[in-house]
Amino acid sequence: MAGEIPSREELQKALLSRCTREEVEKLSESRVAVAGLGGLGSNTAVFLARAGIGHLHLIDFDKVDITNLNRQHYFISHLGRYKTEALKEQLLQINPWLDIETSCEEVREENVQRLFQNADIICEAFDCPENKAMLVNGCLELFPEKILVCASGMAGWGRSNDIITRQVGRNFYLCGDETSGIEKGEGLIAPRVALCAAHEANLIIELILKNCTKQRKEVTENEQ
């Protein structure tokens, strides 16, 4: 029936039509924290929800503003609402069985440990370079074993292939062109911001599933 909420089993069956059971289970078990729910974070969270990530922690203190509508995953009906609430509402329309935790607060040095201690993967999606550096430094110090996915450089238009993903540390990855920013007079436009968000989401999924493959290989080798 149109508009009827599908059961958990129906949604899992739909995912299984596109992925293996092992992949679906691994994605469903994973816990990802998204820090910043603007153009990067809101789109990344949507991609992760559609891919079948089972546990998302959405972190932002801001409200949806009319200037957000050109690139962030919000609508006119969300104006004036907290981004955590507005995005959670949307994600539950994609998957009503998704486990979503929200923290409507600003990330600061003193709350990094509390906010991110339960995440397997931390996705940084801030606008301000100083906030990015604060979170990166805090996570590398407090959680060196956790995967940290960050972004730098997605302003302007065109130059799609300049958006790349590279590993910069043992568990530290960076997405973007690493150069373009609004301080250079380049605006933020939906396609290029979403490209970078897709890089972050795609990398997170890749790392989860590669780890799944690695663990299976190790089990097989131990059994021989």
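Overview of values
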| quantity | calculated |
| --- | --- |
| Which listed residue is at pLDDT below 95, under 26 Å from Gly138 (Cα atoms) and not aromatic (Phe, Trp, Tyr), from Ile205, Ile182, Ile189 | Ile182 |
| Test: residue in segment 81-91 that is assigned to a loop (DSSP other than H, G, I, E, B) and more than 22 Å from Glu206 (Cβ to Cβ) | yes |
| Residue match in segment 45-64 (condition: of a type in the set (Phe, Trp, Tyr) and without any contact (Cβ under 8 Å) to a residue 24 or more places away in the chain) | no |
| Single residue of segment 108-122 satisfying the filter (outside any helix (DSSP H, G or I) and of a type in the set (D, E, K, R)) that is least open to solvent (accessible area, probe 1.4 Å) | Asp120 |
| Scan of segment 123-133 for residues that are in a helix (DSSP H, G or I) and either more than 21 Å from Ala197 (Cβ to Cβ) or open to solvent by 40 Å² or more (accessible area, probe 1.4 Å) (or both), ordered by number | Pro129, Glu130, Asn131, Ala133 |
| Segment 140-154: number of residues that are assigned to a loop (DSSP other than H, G, I, E, B) and either under 12 Å from Phe172 (Cβ atoms) or open to solvent by 20 Å² or more (accessible area, probe 1.4 Å) (or both) | 6 |
| Which numbered condition Lys83 fails, given (1) open to solvent by 70 Å² or more (accessible area, probe 1.4 Å); (2) in contact with a Gly (Cβ under 9 Å, 6 or more places away or on another chain); (3) among the basic types (Lys, Arg) | (1) |
| Near pairs, Cβ below 7 angstrom, 6+ apart or cross-chain, from segment 138-149 (over 20 Å from Asn211 (Cα atoms)) to any residue that is open to solvent by 60 Å² or more (accessible area, probe 1.4 Å) | Gly138/Glu109; Leu142/Gln113 |
| Some residue of segment 79-90 being of a type in the set (S, T, N, Q), in contact (Cβ under 8 Å) with a residue 12 or more places away in the chain and under 24 Å from Pro191 (Cβ atoms) | yes |
| Sole exception among (1) of a type in the set (S, T, N, Q); (2) at pLDDT 95 or above; (3) exposed (fewer than 12 other Cβ atoms within 10 Å of the Cβ); (4) in contact with a Lys or Arg (Cβ under 9 Å, 6 or more places away or on another chain) for Thr102, by number | (3) |
| Subset of segment 155-177 [crowded, with 16+ Cβ neighbours inside 10 Å and either closer than 19 Å to Gly41 by Cα or modelled with pLDDT under 90 (or both)] | Ala155, Gly156, Ile163, Thr165, Phe172, Tyr173, Leu174, Cys175, Gly176, Asp177 |
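The values are calculated or read from the model by the stated rules, or taken from the named source; none is laboratory data. Predicted model, so just to flag it, every value in this text is computed and none were measured. Glycine also receives a Cβ, built like all others from the backbone with ideal geometry; neighbour counts cover every protein chain displayed. Protein only, heavy atoms only, side chains kept; ligands, DNA and RNA dropped before computing areas. Shrake-Rupley method; radii C 1.70, N 1.55, O 1.52, S 1.80 Å.
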